[in-house]
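The block underneath contains the structure these notes are about, expressed in structure tokens.
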Amino acid sequence: MILTVDGLTGGYSAIPVLKKLSFTVDQGELVGLIGLNGAGKSTTIKHVIGLLKPKKGKITLNDCSLLDNPAKYKQQFAYVPETPVLYEELTLKEHLEMTIMAYGLERKKAMKKASELLKIFRLENKLDWFPANFSKGMKQKVMIVCAFMTDAKLFIIDEPFLGLDPLATRDLLNLIEKVKEEGAGVLMSTHVLSTAEKYCDRFVMIDHGKLQASGTLEELKQNYGREDATLSDVYLGMADLEGE
Amino acid sequence: MSILEWPTWKVNKMDGLYRKRQSDYFKQIFKYLRYVLNDFFVLSVLFALGGLGLAYSDYVKSLSHPSNLWYSKPLLVLIAIFLLQIGKPKTLLKKADAVFLLAKESEMGQYLKRSFFSSYLSGAAIVFVGGLVLVPFMLFACNVPKSDVCLIIFLMLTSKTFVLLAEFAEFYDEKFSSLLFELIFRVLLPVLALLLAIFLNAALSLCLMLGAIFFLIQNIRQSAHQKMFRWNFAIEKETARMMELYRFFNLFCDVPYVVAKAKRRRFLDAFLPKPNPENPYRYLYVRCLARSGEYSSLLIRLLVLGSVVLAFLDTYLSLLIAAVFLYMLGFQLIPLATNYDEIVFMHIYPQGFEKKINDFRGVLRTVMLFAAFIFAIFCLIGTRQPLMALEALAIMLVETFFVTGNYLEKKLSINLTYRN
């Protein structure tokens, strides 16, 4: 297991948003973190990346926890935020340099990887420009490049499909496939269920901060009791049941 | 409606809206003012004022009676014009008003009236205080007769009304926004009025200014009836004014609204630090300093201003000014440390918080030492005494040590708790 979330209870204030949430992400798998708006997906992610401290429960990345060894913990994951976050005063090339310095990557190798990624996303002749002035889609691509040029063991991607054109979406999914083959794990939060259904290996469904269901699509369908259900059906059914 | 019904005393909805907004505005200002007044900044301003006051008094005492300085009267006019420009219209309009208040277009007159009075109060206060400070200069350097001093101050206050009215006129009539009109109404006409008052007859000038105000008001009334209120223009102006205020407060605590605009400045690339895994944040901070519109202009402004002032001082005042300017430079750069804290990656990078602070400390120290050397050189130019320049340098070195040490720690811990 690369990522183990065990009994996570926490939130922004005294009232916990997440309640005893437990799930795992293994190497070579893409896990979809599914839930409606307000379910707790972003909160979960913020706990995993260390922006929030759990009130109860434990999070470990390759048997290393944030409290025990923050530097080692942060070294092992890469994060693609939902909204692009960029330095106003740095060029594209300098963003890459920052990533290399921050993660202690080997410069030649990382730059080579980065330029391949830039070519894929058609950004290779914009190295000297300010990403802060790019269009939203291009900014998101910069985020993806900065994350995938590292050699992280876990990639955490927050709502990637909103804002990316179909070409870029396909390119991102190809990238995810590639890092999976290299042994990394990917945790992706989304509420675009149709796409998640096609590409995710396993799903973690949360609602109101609690785990509703987890497993492969087949396992979820079995639980739901209908062979021909789509992920969307399964989810909405579960949400309705919860409400009763 | 004739001018005699102005100001109106009936409180209508738009008038009340402005009052409410003003009360919220003052609450917000006081909230930030707490941080300003708690800072060493206040002390340094007092020192600066004290030093300047001493220099001014020495200057006045040194004048011969009667003085025939060729530059005194033009200088008086220059300073007066400068005072008149401070204190812009305070409309307190918000971005959403372009949507929500559009229906109230016909009643904007009431809103703007109250806004005018409020803006005038603060602007006139500055002019009045400035005028009082100028009285010795007027009497002893410009040979203005005592009887005229009062009239001239009055003229300055009415000129302020005139200039402010011209700025309010822009909200209805684009002509007033053109460079020509701005120069005429905000500079040329007040200059003429002042020159007339100083060289010929102050009472006549005052009467003419009052007449000009009357005509301007009539013109504005007409525009307000015939033309549309320039919503986007007014909102942009107000937003810019608030931004200036927020930028000032941002020196003392985190203000969420301040957003920078960066300039590429390729020519500086050769001087910027190369990527170094030991100092990742230094790479970031120096680039921000070099390219951010806000921080780079701040640095240049203070360096130039300090150097110019020091080049003309030849007493011990030089030491004080150098120390004060260096302090102002240092403390205005401290917000750079937390400039990127909203960026999530600053909290995710494996290299932690301590590294960030240490890198920043290094950058600040380098900048301050550089400034200290520049100021010491100009101190030498001004005083022509190497010993004094060395003393100034010594003071500034100690100051740098203190600012980048304890002071920096204290300021940053305040920022952290404020954010939480």
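Just so you know, all these numbers are worked out from the coordinates, no wet-lab data involved. All values reported here derive from a predicted model rather than from experimental measurement. All Cβ positions, even for glycine, are placed from backbone atoms using ideal geometry, and neighbour counts span all protein chains on display.
Working from the pairwise distances between different alpha carbons, so that the mean of 1/r is found and then inverted, what is the range B:13-250's Kirkwood radius in Å?
Details: mean 1/r = 0.0504 Å⁻¹.
Here the Kirkwood hydrodynamic radius works out to 19.8 Å.
In sequence order, the range B:395-400 has phi-based couplings of 4, 5, 5, 4, 4, 4 Hz under the Karplus curve 6.51 cos²θ - 1.76 cosθ + 1.60, θ = phi - 60°, and Gly or Pro positions carry x.
In the range B:266-418, taking the dipole from charged Cβ atoms about the Cα centre, the farthest positive-side position among B:Leu397, B:Asn339, B:Leu310 is held by B:Asn339. Hey, could you get me the Stokes-Einstein D for the range B:266-418, Kirkwood radius over alpha-carbon pairs, 4 °C and 1.567 mPa s, rounded to whole µm² s⁻¹? So the translational diffusion coefficient is about 79 µm²/s.
So if the hydrodynamic radius of the range B:115-264 is defined as the Kirkwood radius over C-alpha pairs, what does Stokes-Einstein give as its diffusion coefficient at 4 °C and 1.567 mPa s, in µm² per second?
Value of D from the Cα-based Kirkwood radius: 74 µm²/s.
Pairs from the list A:Lys72/B:Lys263; A:Lys72/A:Lys210; B:Lys95/B:Lys261; A:Lys112/B:Lys274 with a Cα-Cα gap above 26 Å: A:Lys72/B:Lys263; A:Lys72/A:Lys210.
May I ask what percent, to the nearest 5, of DSSP beta bridges between residues of chain A are antiparallel? Write down the numbers at each step before the final one.
Details: 17 of 35 bridges.
Here the antiparallel bridges make up roughly 50 percent for chain A.
Fully extending the segment from B:Leu179 to B:Ile126, taken as 0.36 nm per residue of separation minus the present Cα-Cα distance, adds 16.6 nm.
Tally Lys/Arg at +1 and Asp/Glu at -1 over every other residue whose Cβ is under 10 Å from the Cβ of B:Gly87; what's the total? Computed value for this residue: +2. Mind checking the log10 I(q)/I(0) for the range B:56-158 at q = 0.21 Å⁻¹? Debye, one equal scatterer per Cα, no solvent, two decimals. Cα-only, vacuum Debye calculation for the range B:56-158: -1.06. Between A:Arg122 and any residue 5 or more places off or on another chain, the built amide H atoms are never under 5 Å apart. Listed by chain and number, the aspartates and glutamates whose alpha-carbon sits under 16 Å from that of A:Lys180, ignoring those within fewer than 8 places in the same chain, are A:Asp26, A:Glu29, A:Asp151, A:Asp171, A:Asp201.
Rounded to the nearest 10 degrees, the inclination of helix A:107-120 to the longest alpha-carbon principal axis of chain A is 70 degrees. In chain A, the longest principal axis of the Cα atoms and the axis of helix A:166-181 are about 80 degrees apart. Entry note, the range B:266-418: relative contact order of 31 percent, from Cα contacts under 8 Å with a spacing of 6+ residues. Each Lys and Arg contributes +1 and each Asp and Glu -1, all at the Cβ; summed about the Cα centre of the protein assembly as shown, the dipole is approximately 1500 debye. Sum up the charges of everything whose Cβ sits under 13 Å from the Cβ of B:Phe117, counting Lys and Arg as +1 and Asp and Glu as -1, but leave B:Phe117 out. Around B:Phe117, the charge tally is +4. Based on the reciprocal of the average 1/r between different C-alpha atoms, the Kirkwood radius for chain B equals 24.8 Å. Within the range A:76-151, the proportion of C-alpha pairs whose separation exceeds 18 Å stands at 30%.
A 29 angstrom limit on the alpha carbon distance is what I want to check against. Which of A:Lys153/B:Lys356; A:Lys93/A:Lys178; B:Lys73/B:Lys175; A:Lys53/A:Lys198 exceed it? Beyond 29 Å between Cα atoms: B:Lys73/B:Lys175; A:Lys53/A:Lys198.
Each listed q (0.13, 0.18, 0.26, 0.29 Å⁻¹) maps to a log10 I(q)/I(0) for the range A:134-194 from the Debye sum over equal C-alpha point scatterers, namely -0.32, -0.63, -1.27, -1.46. Over chain B, Cα pairs under 8 Å with separation of 6+ residues give a relative contact order of 15 percent. In the protein assembly as shown, Rg over Rh equals 1.06, where Rg is the alpha-carbon radius of gyration and Rh the Kirkwood radius from pairwise Cα distances.
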